[in-house]
Amino acid sequence: MTYRPTVRGRRLARELRKLREEQGLTLQEVADRLDWSRATVSRLETSQTRPKPGDIADILDLYGVPSPDRDALITLARQAGQRGWWTAYQDVFAGSYVALEDEASHIRTWDPQLVHGLLQTEPYSRSVITAGRLLPGPEDIERRIAARKIRQALLDRTDAPRLQVIFDEAVLRRPIGGAAVMREQLEALANVGATRPSVTIQVLPFTAREHAGLDGRFTILSYPDPADPDIAYVEGTMGDVYLESAEAIAKHRDRFERIEEAALSPEESAHLIAEAARSSP
C-alpha cells in the first residue's frame with residue numbers, strides 16, 4: 001500500500017534531516033552506522049515511507065537526541081504512521097493532497113474551471129468525474145463519489161478549516177451536467193454563506209480581464225502548528241506538485257492576494273451566483 005505522508009509525517013522528515021545535518025553526517029554514513037541502506041534513510045527524510053517508531057528511536061539514539069525531544073519525535077512517528085480514512089481509497093486518491101488537506105486550518109484555492117471539490121453537489125461531482133476520467137465501469141464512478149462525500153465531511157467538523165474559494169465567472173456559466181444539475185449546484189453555492197460560516201466564496205468576473213490567475217489553478221494549505229509551513233499544491237495532468245519553500249509560498253500567496261483583490265466581494269459574488277442560478281435555463 002502506497003504511503004501518503006501527512007503533515008506530521010512531513011514535519012518528522014524535516015526534523016530528521018535537520019538533526020542529521022547538525023551532526024555533520026551524510027546519508028551513507030548514517031546508513032552504515034545503523035546497518036541500513038542509504039535509500040532507507042533517504043526515504044525517511046523525504047516522507048516516502050511510513051515511519052516505524054522503533055526505527056526512529058534507533059536513528060535518534062545515533063544522533064544523541066535526549067528526552068523530552070526524543071519522546072516527542074517518537075510520538076510524532078506514531079501519529080504520522082496512523083492510517084487516515086483516505087487509506088481505504090488508495091485507488092481513488094493518487095497523491096498526498098487529501099491527507100494534507102485533512103489537517104489544514106486554512107485552505108485558499110483558485111480555480112478557473114470548476115467548483116471546488118469540497119463544495120460540489122453529488123450530481124455535479126458525478127458529471128465531472130464521468131467526463132474527466134476514463135473509468136472502466138459505473139462502480140468506479142460510485143466509489144469516487146463515495147470518497148468525495150467523506151472528504152466533504154471536513155467542513156462539518158467543529159474545528160472545520162477556514163475555506164477561501166475564488167473561481168472564475170466561467171464556472172457559473174458552463175452548464176456542467178446540464179441545466180438542472182448546474183442550477184442545483186449554483187443554489188447550493190448561494191446558500192453556503194448561511195450554512196457554512198467558515199467558507200468564503202468569491203467570483204472573479206469577466207470584467208477583470210487579464211489577471212494573476214491566468215497560469216492556472218492552485219491551492220495553499222496552512223496549519224495550526226507554526227512548525228508546519230504552508231504548502232502550495234499545483235495539480236496538473238502530468239502529476240501533482242507540492243511546494244514548501246518560503247520563496248514559492250510567498251509567490252503563491254501574492255498571486256492569491258492579487259486574484260482576491262480583483263474578484264468581487266463575497267457579498268457581490270453571492271448575488272452573482274444567485275442571479276446565475278435564477279437565469280439558468
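Computed from the coordinates by the stated procedures, all read-outs in this text should not be read as laboratory data. Being a predicted model, the structure only gives us computed values, none of them experimental. FYI the Cβ positions are ideal-geometry reconstructions off the backbone, even for glycines, and counts take in every protein chain you see.
Counting Cα-Cα pairs of the stretch 7-82 in 5 Å increments starting at 0 gives whole-percent bin shares of 3, 17, 32, 29, 16, 3, 0.
Antiparallel DSSP bridges in the chain: what percent, to the nearest 5? Walk me through the intermediate numbers first.
Values: 13 of 25 bridges.
Here the antiparallel bridges make up roughly 50 percent for the chain.
Sorting 149-157, 167-175, 5-13 by their mean Cβ neighbour count within 10 Å, with the most densely packed peptide first, gives 5-13, 167-175, 149-157. Provide, for q = 0.13, 0.17 Å⁻¹, the log10 of I(q)/I(0) from a solvent-free Debye sum over equal Cα point scatterers in the stretch 178-241. One equal scatterer on each Cα of the stretch 178-241 leads to -0.65, -1.03.
What is the Cα centroid distance between the stretch 176-208 and the stretch 1-65, reported in whole angstrom? Their Cα centres are 45 Å away from one another. The helix-only estimate of mean residue ellipticity at 222 nm for the chain, built from DSSP H runs of length n ≥ 4 each weighted as -39500 (n - 2.57), is -15000 deg cm²/dmol after division by the residue total.
Using C-alpha pairs under 8 Å with a sequence gap of at least 6, the mean separation divided by the residue count of the stretch 86-279 gives a relative contact order of 28 percent. Beyond 25 Å, the tail of the calculated P(r) for the stretch 127-281 holds 41 percent of the Cα pairs. Rounded to two decimals, what ratio of Rg to Rh does the stretch 203-281 give with C-alpha atoms and a Kirkwood Rh? We get a ratio of 1.07 for the stretch 203-281. Dimensions of the chain along the principal axes, based on C-alpha atoms and rounded to the nearest Å, stand at 70, 42, 36, largest first.
Legend: P(r) of the stretch 33-153 from all alpha carbon pair distances, 10 Å bins from 0, whole percents, reading 10, 32, 25, 19, 12, 2.
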